Amino acid sequence: MWPFGKKSKVPKLDRRQALDARPVLDSRVRIERDGQTGAILQVPRRATATNRLVCRVFKLSSYHQITLDELGAFVIELCDGERTVRQIAKRLAGAYKLGRREAELSTAKFFRKLVRRSIVVLIIEDAAS
C-alpha cells in the first residue's frame, strides 16, 4: 500500500505500442522559447495543501520551470496528438543525423520521463479500431 493513498498503476507497453502511441502535451503546460535554441516548459505544481502553503510562505510561483536543450525543444514541439512517437523519432533522426534505433530509444526514454512527470499524455489506439 502506498503510504499517501493509492498509487495509480501505469499499464506496461511493449515496444510497438510505445512507438505507435501519439503524445499530447498537457494543456496546462506552457512552452517558452529561450534566447538560444532550447525551450523552457512552465509546468504547474500539484495542487496539494502543502504545495499551496509552501508557495504562499516562500512566495514561489505556482509553476516550476524545466529547461530543455535543442533536441528536447524539437521533440516537444512535435507533440500535437497527430504524430506517433515513431514519426517524431524519424524526424529527429533526419534533422540531427542520428540512426533510426538511436533516435527511437532516446525519444522513447524522453517520453517516458515526460509521462512520469505528467507533462505529456500518450494516446494509445486499440488494434481492433
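Quick rundown of the values:
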item	result
Mean projected area in nm² (Cα convex hull; one quarter of hull surface) for region 15-123	7.6
With Cα atoms, 0 to 90° folded angle of helix 100-116 axis to the chain main axis	20
Protection proxy ranking, peptides 61-69, 45-53, average beta carbon neighbours within 10 Å, highest first	61-69, 45-53
For the chain, with +1 on Lys and Arg beta carbons and -1 on Asp and Glu, the positive-most of Ile119, Gly94, Thr107 along the dipole	Ile119
Dipole magnitude (debye, nearest 20) for the chain, charges at Cβ of Lys, Arg, Asp, Glu	620
Helix 85-96 axis, angle to the chain major axis (alpha carbon atoms, nearest 10°)	80
Quarter of the Cα convex hull surface for region 37-88, i.e. its orientation-mean projected area (nm²)	4.8
Helix-derived mean residue ellipticity, 222 nm - over the chain, DSSP H n ≥ 4, -39500 (n - 2.57), to 500	-11500 deg cm²/dmol
Inter-label distance, nm, simple model (7 Å from Cα along the C-beta direction), Ser106/Tyr63	2.7
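Read-outs throughout are calculated quantities, based only on the coordinates presented, and are distinct from any laboratory measurement. Keep in mind it's a predicted model, so treat the numbers as computed, not measured. Because the Cβ atoms are built from the backbone with ideal geometry, glycine has one as well, and the counts that use them run over all protein chains shown.
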